[in-house]
Amino acid sequence: GSIFFTDKEEPESFSISNQFAEHLEFTLVKDRITVTKDDAYYALSLAVRDRMVRRWLRTQREYHIKDPKRVYYLSLEYLMGRLLGNALINLDYYEECRELLKKDGYNLEEIKEYEHDMGLGNGGLGRLAACYLDSMATLQLPAFGYGIRYEYGIFAQEIENGYQVEYADYWLKNGNPWDILRRSLQYRVKFYGRVEKKVYPDGTYYFDWVDTDDVLAVAYDVPVPGYKVKNVNNLRLWQAKAVSDFEFSEFNRGDYVEAVAKKNDSETISKVLYPNDTYVEGKFLRLKQQYFFVSATLQDIIRKFKINHDNWEDFPEKVCIQLNDTHPVVAIPELMRILIDQERLGWEKAWYITTRTFAYTNHTVVPEALEEWNEKIFGELLPRHLQIVYEINRRFLEDVKKNYSADEAVLEKLSIISSGPEKRVRMANLAIVGTFAVNGVAELHTHILKTRIFPDFNKIYPKKFLCVTNGITPRRWIRAANPELSKLITSKIGEEWVRDLSQLKQIENFVDDAAFRKKWREVKMHNRRLLIDYIKNENNIDVNPDSIFDVQVKRFHEYKRQLLNVLHVITLYNRIKDNPKIKMVPRTVIFGGKAAPAYYAAKMVIKLINSVADVVNNDPDVGDKLKVVFLKNYSVTLAEKIIPASDLSEQISVAGLEASGTGNMKFAANGALTIGTMDGANIEIREEVGEENIFIFGLLAEEVVELKAKGYNPRKYYESNPSLKRVIDMIASNYFNPKEPGIFNDMINGLMNVDYYCVFADYQSYIDTQDKVAQEFLNQEEWTKKSIYNVARIGKFSSDRAVSEYAKKIWNVKPVKLNNGN
Ligand code: 26W
């Protein structure tokens, strides 16, 4: 007999109460007197983790025995949020657990609040990775997430005097009950050094990467439970550790303490998440993070492959590696290096294997976000990889010249190395050349990739470019975040919708049921009241519960145009000031989001919002007709509070720049109507919900291009539109910032002279559409119908659909069902 529970057919089931108590006493060493709420959170999480462990082990064992093709999802970011509530829901144990805790005198809802968000990501890309983990587990796919265990996640945002101020997010300060250290899983990662050519007596040769400065990668595993299935997948996060057994060089032997301390510097590699999205800094440490992550991950993947296989040709049949943007693209030359220098395969064979293993997802067309590494930096840190990249490029361009007619200009655009005074490694070009599939994240985005960003690549590889429209997990974003709506839906159509979101279609049958619509509104009001309390606590603002909850929450970026939203707010304010007795539909305009710490223009938009809020919220003429709320420190957890309470979802990027958006999907799935441009997935949301159930405005993507081509003059709009002129003049004349005159001068100058993101061009169309929104909100019955249609028709945007498409069109992986035991 085995001592392991995993081996028992019908292991005795654990009682959560017992295990909760055991962890409080034995793991945390607390008693009735010393126990805190945070202890309760920690002990409960460990008890819930215990319930996952057997499934987790069994899942990994089953994948090992069945040896199916596996997919490895490589991402520098995972915005997981809190894990306790999600684990309970996916284990189908939430209610039972709450009741058991109640008997012990604990309130689950309250305990949950002690969990610190796992915020190891910036925004869209990081949260998408987290949603996909949930769907991959739910679809029972043999999938593995890999990432970095940053000690500091995305910074905490405070607002001081209206300005964003950043604080470090030391999320591990009270420990983390969810990840487990794999004590024996450590890999050596090499940096720097030089390449040595070693020649055999027979004249053949190979390259050796020597005199390197090494760091260890240690594995921490996080369980990823599927929804109501036995599969528990794994997210493996690497932490950097100094090599422990180093010898002192002749040179520093004298200074022992200094030498040991210096070795610890290598641990800074996993210290902190880079807080920019859509802006590349080109920092050494960032490239170190990327290679550290990729090297450890490939070593782990290859170790697993070798357990069952000794023929490298099987590698692409057994392994698919999905690269989440270009951040892990150094994996391409790294696999080449391993195959050629270590496994001693020839170039052609190594290239054949490599290009059949990797697939790449592009997440942005914003030019500042396309990664390029200065060749000197790249070559200093990774000398062998630079050689390999050059050789990949040489052969690629050779091939293009031979098989396609391409002039010098086209060759320069295709080249992985940019020419010019400062040579750079273009990671997107490397990604396209080194993979078998490149996908965009929405239809329009894919179209723009093919026609505008990479047209020459698309000509060479017409079948390589695909679209997989993004999706969101209905477990977190509906079932967990909106329990009241979930109950109402389930009362009508059962609860299968949670794993098959297309079933929401059935609630269309109740659109004409006035009692159902009333309940629908009651749910929204319930959620609104929770948010009202939160706003009162946080910002001390009294919000009118009958106002339109008009919400824009997302990272701050000029292309997302929070500024356009502010111009609308000021326009409304002016209408009130002109006629304080005006009858208007009350609105609460809510903002949330972080700006990259070095992104001055975005930070000034935050300051403007807070300045406008100060004036508007304290003006007695305004009353409860209009309120402006900036909620600080937007996060996954805050999103879960805000989105279910919203009526209007602001998705107002300048057309052509928002690759997809995923917030847009979360809002619609919770019954908010969208006001948005024809950008990203908004277009597909419109297609699904019907044009009468969404508010579309503004220039189309092609119109933006045309306007710019013929010479866009924002001043013309300013001069010909009195309402716009008045709003801009107010900002310029320090109306909202009398104590800090001039602070918005740069912003105003930018708008008047360049307006790169076409705020002025879309202003009037936006205002008109907002007026239409207000009109339609007056008719609550009709508005409720539209809200129901939005939810009923949102099925396409489940991450289950998105992940199934990846599995079929790109990965070629199939589910591994787990049924035995518990
Ligand atoms: C190197 C700095 C950096 C960091 C992150 C550059 C770019 C990024 C991301 C690619 C930015 C990002 O999160 N893009 C968003 O990806 C989402 C998921 O596909 C899309 O829904 C958003 O439209 C896109 O902006």
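For the stretch 98-111, which residues satisfy the criterion of being at pLDDT 95 or above and hydrophobic (A, V, I, L, M, F, W, C)?
Listed by number, the residues that qualify are L108, I111.
Could you list all residues from the stretch 533-548 that are part of a loop (DSSP other than H, G, I, E, B) and in contact (Cβ under 8 Å) with a residue 60 or more places away in the chain?
Scanning the stretch 533-548 gives I541, D542, V543, N544, S547.
Looking at the stretch 558-651, what strands (runs of 3 or more DSSP E) fall wholly within it and have at least 2 residues that are modelled with pLDDT of 95 or more and touching a Cys at 6+ places or on another chain (Cβ under 9 Å)?
So the answer is none; nothing clears 2.
For residues that are more than 12 Å from the ligand (Cβ to nearest atom) and in a helix (DSSP H, G or I), scanning just the stretch 435-447, find the one that is nearest to A701 (Cα to Cα).
Checking each candidate, the answer is H447.
I'm trying to understand the selection: among the residues of the stretch 407-425, which are within 16 Å of the ligand (Cβ to nearest atom) and surrounded by fewer than 23 Cβ atoms within 10 Å (Cβ to Cβ)?
Matches in the stretch 407-425: R424 only.
Would a scan of the stretch 261-273 turn up a residue that is within 16 Å of the ligand (Cβ to nearest atom), on the phi < 0 side of the Ramachandran plot, within 29 Å of the chain's Cα centre (by Cα) and outside the structural domain of V53 (by TED's automatic domain parsing)?
Yes, that holds for at least one residue.
Go through (1) within 11 Å of the ligand (Cβ to nearest atom); (2) out of contact with any Ser or Thr (no Cβ under 8 Å at 6 or more places or on another chain) for H327 and report which single condition fails.
Of (1) within 11 Å of the ligand (Cβ to nearest atom); (2) out of contact with any Ser or Thr (no Cβ under 8 Å at 6 or more places or on another chain), only one is false for H327: (2).
Return yes or no: is R303 outside any loop (DSSP other than H, G, I, E, B) and of a type in the set (K, R)?
Yes; evaluated as a whole, the condition is true for this residue.
Considering only the stretch 489-503, state which residues are of a type in the set (K, R) and either surrounded by fewer than 14 Cβ atoms within 10 Å (Cβ to Cβ) or part of a helix (DSSP H, G or I) (or both).
If the condition is that a residue be of a type in the set (K, R) and either surrounded by fewer than 14 Cβ atoms within 10 Å (Cβ to Cβ) or part of a helix (DSSP H, G or I) (or both), then K492 is the only one that fits.
Based on this model, can you work out whether R286 counts as in a helix (DSSP H, G or I), surrounded by fewer than 20 Cβ atoms within 10 Å (Cβ to Cβ), assigned by TED's automatic domain parsing to the domain that holds L133 and within 11 Å of the ligand (Cβ to nearest atom)?
Yes; evaluated as a whole, the condition is true for this residue.
If you go through the stretch 21-50 one residue at a time, how many are surrounded by fewer than 21 Cβ atoms within 10 Å (Cβ to Cβ), assigned to a helix (DSSP H, G or I) and not acidic (D, E)?
Residues that pass the stated criteria total 5.
Determine whether the stretch 466-475 contains at least one residue that is more than 14 Å from the ligand (Cβ to nearest atom) and among the hydroxyl-bearing types (S, T, Y).
No, every residue in the stretch 466-475 fails to be more than 14 Å from the ligand (Cβ to nearest atom) and among the hydroxyl-bearing types (S, T, Y).
Tell me, which residue of the stretch 538-554 that is surrounded by 23 or more Cβ atoms within 10 Å (Cβ to Cβ) and of a type outside the set (V, I, T) is nearest to the ligand (Cβ to nearest atom)?
The residue in question is K554.
Looking only at the stretch 122-163, filter to residues that are among the β-branched types (V, I, T) and more than 16 Å from D800 (Cβ to Cβ); which one of those is farthest from the ligand (Cβ to nearest atom)?
Only one residue tops the list, namely I159.
For the stretch 164-173, check the following and say yes or no: at least one residue is part of a loop (DSSP other than H, G, I, E, B), in the same structural domain as R286 (by TED's automatic domain parsing) and within 16 Å of the ligand (Cβ to nearest atom).
No, because not a single residue in the stretch 164-173 is part of a loop (DSSP other than H, G, I, E, B), in the same structural domain as R286 (by TED's automatic domain parsing) and within 16 Å of the ligand (Cβ to nearest atom).
Confirm whether N664 is free of Cβ contacts under 8 Å to residues at least 24 places away in the same chain and either surrounded by 22 or more Cβ atoms within 10 Å (Cβ to Cβ) or within 16 Å of the ligand (Cβ to nearest atom) (or both).
yes
Return yes or no: is Y170 touching a strand residue (DSSP E or B) at 6+ places or on another chain (Cβ under 9 Å), hydroxyl-bearing (S, T, Y) and at pLDDT below 95?
No, not satisfied.
The values are calculated or read from the model by the stated rules, or taken from the named source; none is laboratory data. Computed from a predicted structure; not experimentally measured. Don't worry about glycine lacking a Cβ; one is built from the backbone with ideal geometry, like all the others, and counts go over all protein chains shown.
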